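Reviewing the structure listed below.
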Amino acid sequence: MNPFDLNGKVAMVTGTTGGLGQGMAIGLAEAGADVVLASYSSSEETARAIEALGRKAYLLKADLSREDELADVFEKALSFQGKIDILVNNAGIIRRTPAADHAKQDWHDVIGLNLNTVFFLSQLAGRHMMERGSGKIINIASMLSYQGGINVPGYTASKHGVAGLTKAFANEWAGKGVQVNAIAPGYMVTDNTSQIRADEQRYNDITARIPAGRWGTPEDLKGPVVFLASAASDYLNGHMLNVDGGWMAR
């Protein structure tokens, strides 16, 4: 028996146009899962990659920042195969402005999608999974779940909140067959870090501090997300899995 096998499972991944969400969605499909791709922008490229693996991909276009629409979004996700075994809360945004100048709207936008949506979508999925007696919820946290960062107060607050929610849900749901854990990526090559990587000095300084000597890629999250989505992690609850090239050990 392969404890990492996801055949017969249905995963819902948010924010799958590219980057980390795309990498994790493909990784879940490689392990055997069919995947609901919930994203504001087109995820057709991701869907094609999943279908090329012989798995089913379901495109679900949604504005996940609209709290009043999340129940309908989740019901639509359920309608494809009648269940969601795995939820990956990946969708998020970042706004880079010094704290003293951080716009009120930027704060609300970041907290809304990065934290409020994670809570309400997890709540919906958790109810469904507890009724079935099993399920996996995987939140995407950050190194800024531990650290303060620079010029990203809203993002930092949201990711600290994601870490707290992960533990809070785990405390209540672990005994009901639902494992809630989080992945905390380090510095990754995605659109969210393009501004940092464009600053050669800062890019080099960060790279020098990473023991692995490189930034992460979406492919680096495939193994961790499959582990947390599979039976291999059935006794893991409320855990923050750092995928950071050793950044937090430095």
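A few remarks follow.
- Counting the residues of the range 18-61 that are within 23 Å of D220 (Cβ to Cβ), open to solvent by 10 Å² or more (accessible area, probe 1.4 Å) and aliphatic (A, V, I, L, M) gives 7.
- Residue pairs whose Cβ atoms lie under 9 Å apart, sitting 6 or more positions apart in sequence or on different chains, and linking a residue in the range 149-164 that is closer than 18 Å to M248 by Cβ and at pLDDT below 95 to a partner that is in a loop (DSSP other than H, G, I, E, B) and open to solvent by 20 Å² or more (accessible area, probe 1.4 Å), are I150/R96; I150/P98.
- Looking only at residues in the range 62-103 that are in contact with a strand residue (DSSP E or B) (Cβ under 8 Å, 6 or more places away or on another chain), charged (D, E, K, R) and not in a helix (DSSP H, G or I), the one that is surrounded by the fewest Cβ atoms within 10 Å (Cβ to Cβ) is K83.
- Residue match in the range 167-183 (condition: more than 16 Å from the chain's Cα centre (by Cα), at pLDDT 95 or above and of a type in the set (K, R)): yes
- Residue in the range 221-231 that is under 19 Å from the mean Cα position of the chain (by Cα) and among the aromatic types (F, W, Y) present: yes
- Lone qualifier among T207, T190 - being within 21 Å of N151 (Cβ to Cβ) and crowded, with 19+ Cβ neighbours inside 10 Å: T190
- Flag if N114 is part of a strand (DSSP E or B), in contact with a Ser or Thr (Cβ under 6 Å, 6 or more places away or on another chain) and either within 25 Å of L221 (Cα to Cα) or of a type in the set (S, T, N, Q) (or both): no
The values are calculated or read from the model by the stated rules, or taken from the named source; none is laboratory data. Only a predicted model underlies this, so the values are computations on that prediction, with no experimental measurement involved. Virtual Cβ from ideal backbone geometry, glycine too; neighbours counted across all protein chains shown. With ligands, DNA and RNA removed, areas are computed over all heavy atoms of the protein, side chains included. Shrake-Rupley method; radii C 1.70, N 1.55, O 1.52, S 1.80 Å.
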